[in-house]
Amino acid sequence: MLHVESATLDEAFARFDDRRENLIPILQDIQATYSYLPEDLLRRVSRKLQVPLPQVYQVATFYRCFSLKPRGKHVVQVCLGTACHVRGGTRILERVQTETGLTDVGTSPDLEFVVETVRCLGCCGLAPVLRVDRDVYASLEQSKVKRVLDRYRSGRRSAKKGASRD
């Protein structure tokens, strides 16, 4: 079992009282800090809130925003909807995989990125589209993928907010 620093959990417990209604906000704090929900922290949450551990796991596995496995710090979503697919979305995905060291979707070995495919980001007229966290990169070319991802690598965070043609 992985033992992690519990300062974040102690802070979350200080912000929220011990009511079971605070389960999701506490799990969100843990997820935001560690990019996943470590088992030992789920056990502590269960004890503190007096919620049976199976119920804590039920919540943690029901919501897509939670993960029981380490995930990358940044979520990279490659659109493969019709417009993006036709305009090179699969080539963008291949370049993202190359740049992150992945052979499929999932978490990069350095835990910097979690790569996902989506069917539509709602930007069909700007295809192909890539989203990193909340930042959207439209009309993307393969040659620009490395530069986009480099903006998010540890110690290099200088991403632009909002839609970009980068």
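The values are calculated or read from the model by the stated rules, or taken from the named source; none is laboratory data. Just so it is clear, the structure is predicted and the values come from calculations on it, not from any experiment. No Cβ is skipped: glycine too gets one built from the backbone with ideal geometry, and neighbour counts run over all protein chains shown. With ligands, DNA and RNA removed, areas are computed over all heavy atoms of the protein, side chains included. Shrake-Rupley method; radii C 1.70, N 1.55, O 1.52, S 1.80 Å.
Once segment 104-130 is narrowed to residues that are without any contact (Cβ under 8 Å) to a residue 40 or more places away in the chain and either on the phi > 0 side of the Ramachandran plot or open to solvent by 70 Å² or more (accessible area, probe 1.4 Å) (or both), the residue that is farthest from the chain's Cα centre (by Cα) is 122. Selection of segment 31-43 for residues being in a helix (DSSP H, G or I) and modelled with pLDDT under 90 yields 31, 32, 33, 34.
For segment 81-98, a residue qualifies if it is touching a strand residue (DSSP E or B) at 6+ places or on another chain (Cβ under 9 Å) and either of a type in the set (S, T, N, Q) or open to solvent by 30 Å² or more (accessible area, probe 1.4 Å) (or both), and the qualifying residues are 85, 90, 97. Does at least one position in segment 14-22 carry a residue that is part of a loop (DSSP other than H, G, I, E, B), basic (Lys, Arg) and over 25 Å from residue 111 (Cα atoms)? So far as segment 14-22 goes, yes, one or more of its residues are part of a loop (DSSP other than H, G, I, E, B), basic (Lys, Arg) and over 25 Å from residue 111 (Cα atoms).
Being surrounded by 13 or more Cβ atoms within 10 Å (Cβ to Cβ), out of contact with any His (no Cβ under 9 Å at 6 or more places or on another chain) and either free of Cβ contacts under 8 Å to residues at least 12 places away in the same chain or among the polar types (S, T, N, Q) (or both) is true of residue 55.
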